[in-house]
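Sharing a structure below in structure tokens format, with a few things to ask.
All of the numbers you see were taken from the coordinates with simple rules; none came from a lab. What you see is a predicted model; the values in this text were computed from it and never measured. No Cβ is skipped: glycine too gets one built from the backbone with ideal geometry, and neighbour counts run over all protein chains shown.
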Ligand code: LLP
């Protein structure tokens with residue numbers, strides 16, 4: 001959960017810093033990211049999976065999925081802790097390099113990599129392109145040839161495993177657009193093609209089945225499918241160095257529900273992998289968590305500007321909206337919401353809405369909260385992943401400021417976008433001037 005959040009004398013604190021004071025000092029809406037919490041989340045992965053290194057003598061690498069939150073302070077922090085990067089665009093690769101991530105800890109995902117992105121990855125000498133199609137494999141080989149280089153490739157397989165999560169964030173089913181199908185032999189065909197190519201180096205097998213998984217069994221199934229495929233490869237005389245099982249571990253958005261931890265995940269994956277010890281040489285193990293590293297570290301503070309009662313509901317209108325945090329609007333995602341000052345009085349059922357002109361701009365419905373007044377600050381929890389990274393300028397709203405907290409201080413890590421920023425890339429043609 002959110003270890004960095006405490007309630008002291010009825011006031012919400014983040015890493016010991018008073019939330020209302022942060023809102024007053026930096027303005028709202030405001031993203032607060034806890035350095036303490038990110039560190040803790042990362043260290044749990046390292047600690048939970050060190051047994052794999054001990055048992056196999058191979059490497060374990062965490063490649064943070066930048067799409068979850070690619071703020072430079074966040075990526076630098078993780079890089080300094082020794083974390084690698086999973087990037088899905090030239091932009092994310094640029095940020096990973098800027099953050100000092102060593103090239104052998106960078107993997108490149110995505111089903112539509114462009115030639116420019118492939119060039120950039122080859123120049124960086126990344127650990128692997130996770131190849132999503134035969135077409136992409138051919139382009140990587142051609143590009144590497146033109147550059148006089150050899151590109152490292154891993155193959156993203158589609159294992160046809162049901163992750164039992166929200167349909168919009170499941171990826172490893174046959175009907176999804178991702179990966180190379182195993183059953184029909186396409187994945188094997190692609191790898192055999194690669195072995196005949198001069199400018200690619202086959203290093204691994206990759207898989208990612210979905211996000212916000214709250215059940216361990218799909219991970220076990222995924223690991224089996226991947227390792228069965230590695231066994232098949234060995235029968236064909238093909239040895240690989242890396243197995244990458246993607247990301248997907250969920251976080252407890254609902255505080256009353258227990259969900260698996262990094263330790264449960266490690267237990268399941270490692271035990272399954274070790275079942276194959278007599279059949280194949282154990283590979284290095286890579287994971288690409290995004291959400292489970294940063295979600296619980298983020299809080300979005302919004303100020304209440306209006307309260308309105310309709311015949312059917314009481315609405316709390318705050319200045320943090322769907323452009324700042326899209327998850328409730330597009331996935332009907334639940335995020336806990338709490339007033340930052342706990343007032344005396346009976347709890348009341350309210351809806352908390354942002355200020356955009358869309359009915360879906362509602363952050364929380366039917367929440368039982370302590371009394372809220374105009375001018376109060378409310379906190380939306382667990383927004384560190386897929387919050388700022390999916391924020392946009394809809395309704396001509398600048399994206400919010402961000403601060404990083406630790407036990408020592410508070411640091412501004414992203415400036416609020418101004419009105420001028422909103423039109424900075426627009427161009428008015430001469431006849432309209
Ligand atoms: N690796 C690959 C290939 C991925 O596609 C993803 C996420 C990850 C790793 C990281 O997954 P995580 O550990 O964060 O679950 N915007 C959605 C989530 C989309 C996830 C896309 N892929 C949301 O807000 O729930």
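With a cut-off of 8 Å between alpha carbons and a minimum separation of six or more residues, what is the relative contact order of region 111-151 in percent?
It comes to 48 percent, rounded to a whole number.
For region 94-160 and region 191-245, what is the separation of their Cα centres, given in Å?
Distance between centres, Cα-based: 16 Å.
Now, a different point. By how many nm would the segment from residue 357 to residue 418 grow when fully extended, if each residue of separation counts as 0.36 nm and the alpha-carbon distance is taken off? Spell out each step's value before the answer.
Values: separation 61, 0.36 × 61 = 21.96 nm, distance 2.01 nm.
Full extension of this stretch gives 20.0 nm more.
Quick one: among 17, 306, 208, which has the greatest mean-square fluctuation in a GNM of the chain with alpha-carbon springs under 10 angstrom?
Result for the chain, Cα springs under 10 Å: 306 fluctuates most.
How far is helix 134-147 tilted off the main Cα axis of the chain, in degrees rounded to 10, range 0 to 90?
Here the helix axis deviates by roughly 80 degrees.
Using label points projected 7 Å from each Cα along Cα→Cβ, tell me how many nm separate residue 201 and residue 11, to one decimal.
Modelled inter-label distance: 5.7 nm.
Let me ask something else. For the chain, what is the percent of antiparallel DSSP beta bridges, rounded to the nearest 5? Provide the component values of the computation, followed by the final result.
Working: 34 of 71 bridges.
Antiparallel bridges: around 50 percent, rounded to the nearest 5.
Contact order normalised by length for the chain, with contacts defined as Cα pairs under 8 Å and 6 or more residues apart; what percent is it?
19
Same structure again: Sort all Cα-Cα distances of region 145-262 into consecutive 5 angstrom bins from zero, then give the percent of pairs in each bin up to the one containing the longest distance.
Using 5 Å bins, I get a P(r) of 2, 11, 20, 21, 16, 12, 9, 5, 3, 1, 1, 0 for region 145-262.
Mind grabbing the base-10 log of I(q)/I(0) for region 1-128 at q = 0.12 Å⁻¹? Debye formula, identical points on the C-alpha positions, no solvent, two decimal places.
Normalising to I(0) and taking log10 leaves -0.59.
Using a simple spin-label model with points 7 Å from Cα along the Cα→Cβ vector, what separation in nm is obtained for residue 274 and residue 47?
2.0
While we're on this one: When the convex hull of the Cα atoms of the chain is projected onto a plane and the area is averaged over all directions, what value comes out in nm²?
Average of the hull's projected areas for the chain equals 24.2 nm².
Can you work out the PRE-style zone for residue 349? Point 7 Å along Cα to Cβ, and I want the residues of region 279-321 with backbone N under 16 Å.
Counting only backbone N, you get 309-316.
Now for a separate question. May I have the pair-distance distribution P(r) for region 271-336, computed from all Cα-Cα distances with 10 Å bins from 0 and rounded to whole percent?
Once binned at 10 Å, the Cα pair distances of region 271-336 give 14, 29, 20, 14, 12, 8, 3.
Sticking with this structure for a sec: For the chain, find the longest principal axis of its Cα atoms and tell me its angle to the long axis of helix 35-56, 0 to 90°, nearest 10.
20
Once the Cβ-Cβ distance between residue 3 and residue 123 is put in as r, and R0 is 41 Å, what FRET efficiency do you end up with, to the nearest 0.05?
Numbers: r = 40 Å, r/R0 = 0.98.
With a Förster radius of 41 Å, E is 0.55.
Something else now. So how much slack lies between residue 235 and residue 336, counting 0.36 nm per residue of separation and subtracting their Cα-Cα distance, in nm?
Gain in length upon complete extension: 31.3 nm.
Relative to the first principal axis of the alpha-carbon coordinates of the chain, what is the inclination of helix 186-196, with its axis defined by its Cα atoms, in degrees from 0 to 90 and to the nearest 10?
That works out to roughly 60 degrees.
Separate question: Once you've got the GNM for the chain with C-alpha springs shorter than 10 Å, pick whichever of 243, 251, 374 has the biggest mean-square fluctuation.
Result: 374 has the largest fluctuation of those listed.
Ratio of alpha-carbon Rg to the 2.2 N^0.38 Å globular estimate for region 122-172, to two decimals, please. Can you show the working numbers first?
Numbers: Rg = 14.6 Å, N = 51, 2.2 N^0.38 = 9.8 Å.
The value comes to 1.48.
How far, in nm, would the chain grow between residue 175 and residue 313 when pulled straight, counting 0.36 nm per residue and subtracting the alpha carbon separation? Before the final figure, lay out each step's value.
Numbers: separation 138, 0.36 × 138 = 49.68 nm, distance 4.02 nm.
Once the chain is fully extended between residue 175 and residue 313, it gains 45.7 nm.
Something else about it: Taking the Cα atoms of region 355-418, report the difference between the largest and smallest coordinate on each principal axis, in whole Å and largest first.
Reported extents, whole Å, longest axis first: 36, 30, 24.
Could you give the distance between the Cα centres of region 20-66 and region 333-406, to the whole Å?
Here the two parts' Cα centres lie 23 Å apart.
What's the ranking of 46-53, 423-430, 101-108 by average number of surrounding C-beta atoms within 10 Å, highest first?
Details: 46-53: 16.0, 423-430: 7.4, 101-108: 21.9.
My ranking of the peptides, most packed first, is 101-108, 46-53, 423-430.
A follow-up question, please. What ranking of 189, 39, 113 emerges when the number of other C-beta atoms within 10 Å of each C-beta is taken as an exposure proxy, fewest first?
Numbers: 189 13, 39 17, 113 24.
Arranged by neighbour count, lowest to highest, 189, 39, 113 become 189, 39, 113.
Between residue 255 and residue 135, what FRET efficiency comes out of the Förster formula 1/(1 + (r/R0)^6) with R0 = 41 Å and r the beta carbon distance, rounded to 0.05?
So, using R0 = 41 Å, E works out to roughly 0.35.
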